[in-house]
Number of protein chains: 2
Amino acid sequence: MARVYNFGAGPCTLPLEVLEEAQREFLDYRGIGMSIMECSHRGKAYQAVHDEAMNNLRQLLHLPQDYALMLLPGGASMQFAMVPLNLASADATADYTLTGSWAAKAAKEAAKICRVHAAADTSLAQPARMPEPEDIRSSGNAAYLHLTSNETIDGTQWKDFPNADIPVVADMSSDILSRPLDISRFDLIYAGAQKNLGPAGVALVAVRRELAERAPKSLPSMLRYQNHIDNDSMLNTPPSFPVYMLMLVTRWILKTGLENIWRQNRDKSRLLYQEIDRDNFYRGTAHAQYRSEMNVTFRLPSEALEKQFVTEAETQGLHALKGHRSVGGIRASIYNAFPLEGVKKLCLFMSEFRNRNAAESMPG
Amino acid sequence: MARVYNFGAGPCTLPLEVLEEAQREFLDYRGIGMSIMECSHRGKAYQAVHDEAMNNLRQLLHLPQDYALMLLPGGASMQFAMVPLNLASADATADYTLTGSWAAKAAKEAAKICRVHAAADTSLAQPARMPEPEDIRSSGNAAYLHLTSNETIDGTQWKDFPNADIPVVADMSSDILSRPLDISRFDLIYAGAQKNLGPAGVALVAVRRELAERAPKSLPSMLRYQNHIDNDSMLNTPPSFPVYMLMLVTRWILKTGLENIWRQNRDKSRLLYQEIDRDNFYRGTAHAQYRSEMNVTFRLPSEALEKQFVTEAETQGLHALKGHRSVGGIRASIYNAFPLEGVKKLCLFMSEFRNRNAAESMPG
């Protein structure tokens, strides 16, 4: 099989050895005579999968016992609503840091449920950047402060996190478990699985227990964290195959080691940023200090060259490099499972593409 | 591989040829060099999967253009809340037919959102039964009438559906596409995929368009049908692998023919009910007129014999025959993909088990 290098922003590349294992046991899960996706979620085989997924995540996040962990359907988009529904009353204010497209989506959704205060706004900064801790202006008595740890479209990433005397909530969808995390800095984190944790269809939520307990009982059952906590994320039939894949991916992260994963992620992104910074042909769109280790975004001298770049890259097995339609340019998403070899191949292609096109595109 | 006969109530048996196809292309979907679960949901490969899933369902349901179709996360349990949130205001009344465990769950959830009127209640009937059309007492001006087409725990199934001059809503999770459906009798139907349509992680909703349009814009985006309709069920990253499996399963239903599927379902359930009715050793729990073609529920002369029955069946590759913990007894779930051979094997086992145990258990 000719496996392409998939730079897609998610759903995205999964570890090949994980895919191979899932394929091997696809029809007959460990000799039980059926696929894991045919198993009852109340049976022993699936319960063991679920327990290992939860335990792997707890271990990787160094989650203390006063944090509850959930695996929920609906992706991060559902969390955009569940966070304010559970943590803020209608007349409460929530502070949001507006740092790009995804933070804006989270804030917009919260504004349907409670009052929203823009505690910081770097969304128009050029080059794109994240707020410094001192940029954050609290509304005073907010229910929580929300941030988006990595902006996939803008190619930016928080390098340090703000300290606040209110609960801190983070959407970590696009960099969860790409680097070690000090969970004590957060009161709630959430993440869709489809970048670093597995396929689409399941999201992770970790929340300080005393915070989840406060949510009103009048909420629809499926939207109330405490109900999912009380039922160990089996309030209803879970998305069992995505959870199974997440279990295999987190097992792979544990085996590889999170520190090693992080070193590889830094190596991969550094190679690309070095190639971008070699001269003025490529131009990174994020401020160097806030450059994402997950989504490397850059421009070429013209949109015509960007189009040509994407098309030619595709013929060399470098897939899905087109930037998000809202911003244009090039985006190379290099999540945990993206191989170093693919980054090296892209760097070579970038160098060769520059050599072929720089002279004619540069003002002489 | 020794494939067992899986009588589980869901997640459950999927068509073997579907599993085999998914396994073959698991690492390399039709030569594109990656798994379908690694594909962007905005790319051509996944879009084609999504479109075929939607088209297959439209075709199988004979869905007119004035009905919108959605594939949503969260299962039927999320629909228990989404239906009243979209169709009823807080001061409106919704009529619910209380026919068993699942109808009760739907009604309980609705009661958090609007007023609920019990339009019929057969939940305590012994043997279990569904209401006759004339049993239904409307509250007068209800926003809709809700029914559960098949009760998986109670082993009952509506054979004809009520006519009403208000919108009719049905939870069809456990018998969707097990028999031809006259969709014009309904204004909204919903179903979790994990019985007849695929693995867990995705639910189907079909709704008369003018009904969905009325929902308040103040609802959280992910909970408002119209938002999903406007975005062709890609408001956010969909649960792509479960949708892909649903696409393969619905293709298999189309190839087999829904009339043939229904004939097989009738044949399978008839064989089991005949075996149950042969004498008094086994006792069906549902009134003969309302017996489910999907979940065949019965008792043995004692709980000790029931336990022995389940254990011995398991050793013969007849898996997951234990009734739901809330009612006990035996349950054989025989959804679309459950093979006739498995039913025949169970009938043989039942006959043999009766022969071995009837004499000592019956009052002499």
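The values are calculated or read from the model by the stated rules, or taken from the named source; none is laboratory data. Keep in mind the model is a prediction, meaning the values are calculated, not measured. We place every Cβ from the backbone using ideal geometry, glycine too, and count neighbours over all the protein chains shown. To get the accessible areas, we keep the full protein, side chains included, count just its heavy atoms, and leave off ligands, DNA and RNA. Shrake-Rupley method; radii C 1.70, N 1.55, O 1.52, S 1.80 Å.
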**Q.** Total residues in region A:61-76, condition over 19 Å from B:Pro73 (Cβ atoms) and either within 12 Å of chain B (Cβ to nearest Cβ) or open to solvent by less than 10 Å² (accessible area, probe 1.4 Å) (or both)
**A.** 3
Q) What number of residues within region A:82-105 satisfy the criterion of being in contact with a strand residue (DSSP E or B) (Cβ under 8 Å, 6 or more places away or on another chain) and in a loop (DSSP other than H, G, I, E, B)? A) 5
Q. B:Arg3 versus (1) at pLDDT below 95; (2) charged (D, E, K, R); (3) in the same structural domain as B:Leu197 (by TED's automatic domain parsing): which is the lone unmet condition?
A. (3)
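So for region B:166-179 (the condition being modelled with pLDDT under 95 and open to solvent by 20 Å² or more (accessible area, probe 1.4 Å)), does at least one residue qualify?
No: zero hits.
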Q. Limited to region A:1-60, what total is found for residues that are facing another protein chain (nearest Cβ under 7 Å), assigned to a loop (DSSP other than H, G, I, E, B) and either among the hydroxyl-bearing types (Ser, Thr, Tyr) or open to solvent by 30 Å² or more (accessible area, probe 1.4 Å) (or both)?
A. 8
Q: Out of the residues in region A:200-222 that are in a helix (DSSP H, G or I) and either crowded, with 24+ Cβ neighbours inside 10 Å or basic (Lys, Arg) (or both), state the one that is farthest from the other protein chains (Cβ to nearest Cβ).
A: A:Arg209
**Q.** Qualifying position, being of a type in the set (Val, Ile, Thr) and under 27 Å from B:Pro180 (Cα atoms), among B:Ile334, B:Ile330
**A.** B:Ile334
Q) A:Gln79 versus (1) open to solvent by less than 50 Å² (accessible area, probe 1.4 Å); (2) within 11 Å of chain B (Cβ to nearest Cβ); (3) in a loop (DSSP other than H, G, I, E, B): which is the lone unmet condition? A) (3)
**Q.** Any chance B:Ile189 is in a loop (DSSP other than H, G, I, E, B), under 16 Å from B:Arg58 (Cβ atoms) and away from chain A (no Cβ under 13 Å)
**A.** no
Q) When A:Ser101 is evaluated against the numbered criteria (1) modelled with pLDDT of 95 or more; (2) under 24 Å from A:Asn227 (Cα atoms), which criterion, by number, is the only one it fails? A) (2)
Q: Filter region A:9-58 down to residues that are of a type in the set (Phe, Trp, Tyr) and without any contact (Cβ under 8 Å) to a residue 12 or more places away in the chain, then give me how many there are.
A: 1
Q: Could you please give the count of residues in region B:122-176 that are in contact (Cβ under 8 Å) with a residue 24 or more places away in the chain and not in a loop (DSSP other than H, G, I, E, B)?
A: 14
**Q.** Selected residue (criterion: surrounded by the fewest Cβ atoms within 10 Å (Cβ to Cβ)) from residues of region B:275-322 that are of a type in the set (Asp, Glu) and in contact with a Leu (Cβ under 9 Å, 6 or more places away or on another chain)
**A.** B:Glu314
(Q) Just checking, does region A:242-265 include any residue being within 14 Å of another protein chain (Cβ to nearest Cβ), without any contact (Cβ under 8 Å) to a residue 24 or more places away in the chain and in contact with a His (Cβ under 8 Å, 6 or more places away or on another chain)? (A) no
Q: Return yes when A:Ser139 is closer than 30 Å to B:Ala203 by Cβ and of a type in the set (S, T, N, Q) and no when it is not.
A: no
Q) Are there any pairs with C-beta distances below 7 angstrom linking a residue in region A:320-342 that is farther than 20 Å from A:Gly192 by Cβ to a residue that is of a type in the set (Phe, Trp, Tyr) and open to solvent by 10 Å² or more (accessible area, probe 1.4 Å), with the two at least 6 apart or on different chains, and if so which? A) A:Gly342/A:Tyr5
Q: Return a yes/no flag: does region A:103-115 have any residue that is more than 13 Å from A:Ala143 (Cα to Cα), away from every other protein chain (no Cβ under 14 Å) and open to solvent by 40 Å² or more (accessible area, probe 1.4 Å).
A: no
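So which residues in region A:229-241 are closer than 19 Å to B:Ala203 by Cα and either open to solvent by 30 Å² or more (accessible area, probe 1.4 Å) or more than 10 Å from chain B (Cβ to nearest Cβ) (or both), if there are any at all?
A:Ser233, A:Met234, A:Leu235, A:Thr237
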Q: Name, by its number, the condition in (1) under 13 Å from the mean Cα position of the chain (by Cα); (2) surrounded by fewer than 20 Cβ atoms within 10 Å (Cβ to Cβ) that does not hold for A:Ser184.
A: (1)
